[in-house]
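Inspection log for the structure reproduced underneath, given as structure tokens.
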């Protein structure tokens, strides 16, 4: 994939992430989204189960599985449809964007490379100043972000 295509994809995803970021700060309702939506709609377990074509005990089991983190995306989509809702999911990088996450990883890799070179030079009595090391790390990280080598995430 060429650089322009990669950047276009990254920018499009970052735009979507920007919108999701605000939701990522929200916490999941106490017993999960399914239970929260059902209670919010004033729907009994029996009524919820009827919408899914299962017993109230089966409906309770679904709520329990979501609360335990043992429910599939497909099942969540099925439940959303039964509740006349849309199931939404996504990933939000802790750094805030894909670009920042790549920058962080590139800086870590650049630091490793530059410090290794710096250590070798120190052994040969050619120590580099801290300012030069910082500059070299920044330059190398920029290079890595442009090249996006396959080993970036190793």
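Exactly one of these conditions fails for residue 87: (1) modelled with pLDDT of 95 or more; (2) in contact with a helix residue (DSSP H, G or I) (Cβ under 8 Å, 6 or more places away or on another chain). Give me its number.
The failed condition is (1).
Could you check residue 120 against (1) more than 19 Å from the chain's Cα centre (by Cα); (2) in a helix (DSSP H, G or I); (3) modelled with pLDDT of 95 or more and say which number it fails?
Among (1) more than 19 Å from the chain's Cα centre (by Cα); (2) in a helix (DSSP H, G or I); (3) modelled with pLDDT of 95 or more, residue 120 violates only (3).
Provide a single number: the residues in the stretch 18-39 that are modelled with pLDDT of 90 or more and more than 20 Å from residue 75 (Cα to Cα).
0
Taking residue 8 and the conditions (1) part of a helix (DSSP H, G or I); (2) touching a residue at least 40 places away in the same chain (Cβ under 8 Å); (3) closer than 30 Å to residue 147 by Cα, which numbered condition does it fall short on, given that it satisfies the others?
(2)
Going by the structure shown, is residue 49 buried (at least 16 other Cβ atoms within 10 Å of the Cβ), farther than 28 Å from residue 14 by Cα, outside the structural domain of residue 3 (by TED's automatic domain parsing) and in contact with a helix residue (DSSP H, G or I) (Cβ under 8 Å, 6 or more places away or on another chain)? Let's see the steps before the verdict.
Numbers: buried (at least 16 other Cβ atoms within 10 Å of the Cβ): yes; farther than 28 Å from residue 14 by Cα: yes; outside the structural domain of residue 3 (by TED's automatic domain parsing): yes; in contact with a helix residue (DSSP H, G or I) (Cβ under 8 Å, 6 or more places away or on another chain): yes.
Considered against the rule, which asks whether it is buried (at least 16 other Cβ atoms within 10 Å of the Cβ), farther than 28 Å from residue 14 by Cα, outside the structural domain of residue 3 (by TED's automatic domain parsing) and in contact with a helix residue (DSSP H, G or I) (Cβ under 8 Å, 6 or more places away or on another chain), residue 49 comes out as yes.
Restricting the search to the stretch 28-70, which residues are assigned to a loop (DSSP other than H, G, I, E, B), without any contact (Cβ under 8 Å) to a residue 12 or more places away in the chain and closer than 18 Å to residue 88 by Cα?
Selection gives 28, 29, 69, 70.
Identify the single condition in (1) assigned to a loop (DSSP other than H, G, I, E, B); (2) at pLDDT 90 or above that residue 95 does not satisfy, given that it satisfies every other one.
Single failed check for residue 95: (2).
Every residue in the stretch 19-46 that is surrounded by 14 or more Cβ atoms within 10 Å (Cβ to Cβ) and on the phi > 0 side of the Ramachandran plot, please.
32 - this is the single residue of the stretch 19-46 that is surrounded by 14 or more Cβ atoms within 10 Å (Cβ to Cβ) and on the phi > 0 side of the Ramachandran plot.
The values are calculated or read from the model by the stated rules, or taken from the named source; none is laboratory data. For clarity, every value in this text was computed on a predicted model and none was experimentally measured. Cβ: placed from backbone, ideal geometry, glycine included. Neighbour counts: every protein chain shown.
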